[in-house]
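> Mind having a look at this structure? Questions to follow.
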Amino acid sequence: MELWPWLTAALLLLLLLVQLSRSARFCAKITLYCALCLSASTVAAVICLLRHHGRTVENMRIIKWFVSKFKYIFGLRFETKGLQKLEVDHPCVIISNHQSILDMMGLMEALPERCVQIAKRELIFLGPVGLIMYLGGIFFINRQHSRTAMTVMADVGERMVRENLKVWIYPEGTRNDNGDLLPFKKGAFYLAIQTQVPVIPVIYSSFSSFYSPKTKLFSSGTIKVEVLDAIPTRGLTVADVPKLMDTCYQAMRTTFLRISKTPQEDRATAGPGCQPAQ
């Protein structure tokens, strides 16, 4: 019995389902995204091993090259502002908001030279994805054991100063798509003050207009990225952590709400009696 007619019919049925069903389109795109992550990680890992022979921050250039191509497949555009503020020649702590699995594309769009991330330990077990993260020099932290996490953060501080590294942290601690920022955790700010390096906030606009797991939406769209001025920590002590954290939170939240608005929302906020400036 010939299988080709059945396979062809199944493929046509799948394509029809994707065209007609929003949920099917969402699942298909998420599956494609995961497949791209696995395949790109596998190829990138081989190149990293051949070129640099192991774990080093220099591998992030290779990872960035691969991931930065994903946006063309999914029809995403990035409008960036202030990226030059990240191109400093000294260590710093970079903080940004965290919304979804798509954040990796936004991360690589803004990632400066000699920058690594802090990620949860579970990610290292994701096969090729975990391997390429390890090869890129990413620091893995066990959030379930605070003493172990503190030891890792102390090691991060020593290495970022010794090796002139920038460290990228999501201070919310978890993904958040509620249209606002979650309260920040203190780790990033302790790290910045203990090493006396500046904090640089990076804000990504809301993904809700094109991506929402709750409503099974995954379409093309534009993401605005804005880098704020560095906030110095020279002379600050551990006692200043709450104030530094609040300063960063307020600045990032104000920017997030501003750049996430659509023109229609701006007009609605202004009220029906307001006219655009001439």
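> Please state which of the following conditions residue 60 fails to meet, knowing it meets all the rest: (1) within 21 Å of the chain's Cα centre (by Cα); (2) of a type in the set (A, V, I, L, M); (3) surrounded by fewer than 12 Cβ atoms within 10 Å (Cβ to Cβ).
Going through the list (1) within 21 Å of the chain's Cα centre (by Cα); (2) of a type in the set (A, V, I, L, M); (3) surrounded by fewer than 12 Cβ atoms within 10 Å (Cβ to Cβ), residue 60 breaks only (3).
> Another question about this same structure. Which one is nearest to the chain's Cα centre (by Cα) among residues in region 105-122 that are open to solvent by 30 Å² or more (accessible area, probe 1.4 Å) and more than 21 Å from residue 184 (Cβ to Cβ)?
Only one residue tops the list, namely 109.
> Right, next: When residues of region 22-81 are filtered for being at pLDDT 95 or above, within 15 Å of residue 210 (Cβ to Cβ), assigned to a helix (DSSP H, G or I) and charged (D, E, K, R), how many remain?
Here the count works out to 1.
> In region 222-239, which residue that is part of a loop (DSSP other than H, G, I, E, B) and either within 13 Å of the chain's Cα centre (by Cα) or not hydrophobic (A, V, I, L, M, F, W, C) (or both) is surrounded by the most Cβ atoms within 10 Å (Cβ to Cβ)?
233
> Any residue in region 46-53 that is buried (at least 17 other Cβ atoms within 10 Å of the Cβ) and touching a residue at least 40 places away in the same chain (Cβ under 8 Å)?
yes
> Residues that are of a type in the set (D, E, K, R) and at pLDDT below 90: find the helices (runs of 4 or more DSSP H) completely inside region 109-216 holding 3 or more of those.
So the answer is none; nothing clears 3.
The values are calculated or read from the model by the stated rules, or taken from the named source; none is laboratory data. Treat the numbers as computed from the prediction; the structure is a model and nothing was measured. All Cβ positions, even for glycine, are placed from backbone atoms using ideal geometry, and neighbour counts span all protein chains on display. Each accessible area value is taken on the protein alone, full model and side chains, heavy atoms only, with ligands, DNA and RNA left out. Shrake-Rupley method; radii C 1.70, N 1.55, O 1.52, S 1.80 Å.
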